[in-house]
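Read the structure below first, then the notes.
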Amino acid sequence: MMLINKKHKNITLRLLFLSIVYLVFCCFIFFFMASVVIDLIFDSKVNLTREEIIDIIVVSSIAGTTGGLGSWIFAKIDERKARKSPPSDSE
């Protein structure tokens, strides 16, 4: 059973940009929290330097861009396949 996106019929560049921004933000929050938890477990204190925050921003940008672009490409492939295949009978 394939899920059908009824809200957005076509996949646009705006949707790509929004998904990349969303994923970068979510990855930043996750990696920041993971860094804090790891510091607390191993050092019993939180030590966030400027370099560490820059590293988190870079890794979040890479992960968010890759995830957003990958999901957008697969959505475009599915959209193209849906246009090519004839509708099936529901019998």
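The values are calculated or read from the model by the stated rules, or taken from the named source; none is laboratory data. The structure displayed is predicted, hence computed values, not measured ones. Virtual Cβ from ideal backbone geometry, glycine too; neighbours counted across all protein chains shown. When the accessible area is computed, the model is the full protein with side chains, heavy atoms only, and any ligands, DNA or RNA have been set aside. Shrake-Rupley method; radii C 1.70, N 1.55, O 1.52, S 1.80 Å.
Remarks
- Counting residues in the range 37-59 that are among the small types (Gly, Ala, Ser) and on the phi < 0 side of the Ramachandran plot gives zero.
- Among the residues of the range 42-65, the ones that are open to solvent by 90 Å² or more (accessible area, probe 1.4 Å) and either assigned to a loop (DSSP other than H, G, I, E, B) or touching an Asp or Glu at 6+ places or on another chain (Cβ under 6 Å) (or both) come to 2 in all.
- Checked against (1) of a type outside the set (S, T, N, Q); (2) surrounded by 15 or more Cβ atoms within 10 Å (Cβ to Cβ); (3) at pLDDT 95 or above, Gly68 meets all criteria but (3).
- Of the residues screened, Ser61 is not one that is of a type in the set (Ser, Thr, Tyr), out of contact with any strand residue (DSSP E or B) (no Cβ under 6 Å at 6 or more places or on another chain) and modelled with pLDDT under 95.
- Residue in the range 66-82 that is more than 20 Å from the chain's Cα centre (by Cα) and either small (Gly, Ala, Ser) or not in a helix (DSSP H, G or I) (or both) present: yes
- Leu16 being open to solvent by less than 90 Å² (accessible area, probe 1.4 Å), in contact with a Phe, Trp or Tyr (Cβ under 7 Å, 6 or more places away or on another chain) and at pLDDT below 90: yes
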